[in-house]
1. Residue check: is residue 47 at pLDDT 95 or above and closer than 30 Å to residue 142 by Cα?
2. For the range 114-125, which residues satisfy the criterion of being in contact with a helix residue (DSSP H, G or I) (Cβ under 7 Å, 6 or more places away or on another chain) and either away from the ligand (no atom under 11 Å from the Cβ) or closer than 23 Å to residue 220 by Cα (or both)?
3. Inside the range 57-86, can you point out the residues that are more than 11 Å from the ligand (Cβ to nearest atom) and farther than 16 Å from residue 32 by Cα?
4. In the range 135-157, what residues are within 19 Å of the chain's Cα centre (by Cα) and crowded, with 22+ Cβ neighbours inside 10 Å?
5. Is it true that residue 103 is within 13 Å of the ligand (Cβ to nearest atom) and touching a strand residue (DSSP E or B) at 6+ places or on another chain (Cβ under 6 Å)?
6. If you check 219, 200, which single one turns out to be closer than 15 Å to residue 56 by Cβ and out of contact with any helix residue (DSSP H, G or I) (no Cβ under 9 Å at 6 or more places or on another chain)?
7. Can you confirm whether residue 204 is in contact with a strand residue (DSSP E or B) (Cβ under 7 Å, 6 or more places away or on another chain) and within 18 Å of residue 103 (Cβ to Cβ)?
8. Take the conditions surrounded by 15 or more Cβ atoms within 10 Å (Cβ to Cβ), over 23 Å from residue 128 (Cβ atoms) and not assigned by TED's automatic domain parsing to the domain that holds residue 21 and apply them to residue 249. Does it pass?
Ligand code: T3D
């Protein structure tokens, strides 16, 4: 970790120019978000977005939880409030930067992910969770709707029937179930979790980053493109990939029967 990030109070952050790691760090509150955490996350996500050669980003949580969403201790029970402003200046501001990061983002869900915590995870490119972890759309239990784009993501990931049910009932979804439903990529036995995450991050950091960035963007785009438009988009993006170092290296390595040395561009 660079010295300049030592003062963070709600996160741990390291960025070696190739891999960036963000650890939500309020374990006594299951890493629930307060205003400082929103602000500190904004700073580190900006740093990542502005690190040109970053190859992979890892987001995880400290302690037994991943993130319990908004710190309800920062909201006054028995009062109404304008949550639109809160969302815009907190979660939405951060999710917009998260989305702008071009490197693959792995979310390692180390424990319970509730409310905004669950949906922040689902906004990442690859979600790996401990088998003991659970995802809870806790919002409706306090009279809210899923935010952090949960109402956009969930129907696409698990289908409308399951999305509506888990959002309305607030039923916890265990990691294995989440994997079976396609909500996350993989549920991993707790004892193999750290190793699996480390291997995945190291692998991604050596793969052709520019192509991975195109993959995530064009797959997101697929939801708003029609068939013909999407074929055109693939053609245009593949044209760019074909002109890249990593394509020429990938083919050369295959023909020479050796491992490719991708540079990420
Ligand atoms: O307001 C806005 O800005 C709008 C946006 C909202 C976005 C949202 O995220 S709304 C949803 C907010 N989150 C929740 O409603 C979840 C609340 N938490 C829980 O339901 C449970 O804590 C969990 C299911 C996540 C975990 O349960 P369990 O039994 O494993 O742990 P616990 O004992 O409930 O929690 C441990 C501690 O963390 C406890 O503190 P204590 O008693 O040991 O001092 C608990 O109060 C604290 N904690 C857990 N979640 C929150 C929290 N403190 C503040 N805010 C939390 N969200």
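The values are calculated or read from the model by the stated rules, or taken from the named source; none is laboratory data. Because the structure is predicted, anything quoted here is derived from the model rather than measured. Note that each Cβ is placed from the backbone with ideal geometry, even for glycine, and that neighbours are counted across all protein chains shown.
1. no
2. The answer is 115, 116, 119, 122, 123, 125.
3. 57, 58, 77, 78, 79, 80
4. From the range 135-157, those within 19 Å of the chain's Cα centre (by Cα) are 135-138, 146-157; that's our starting set.
Correct list: 135, 137, 138, 146, 148, 150, 154.
5. No, not satisfied.
6. Working: 219 fails: closer than 15 Å to residue 56 by Cβ.
Answer to the check: 200.
7. yes
8. Details: surrounded by 15 or more Cβ atoms within 10 Å (Cβ to Cβ): yes; over 23 Å from residue 128 (Cβ atoms): yes; not assigned by TED's automatic domain parsing to the domain that holds residue 21: yes.
Yes.
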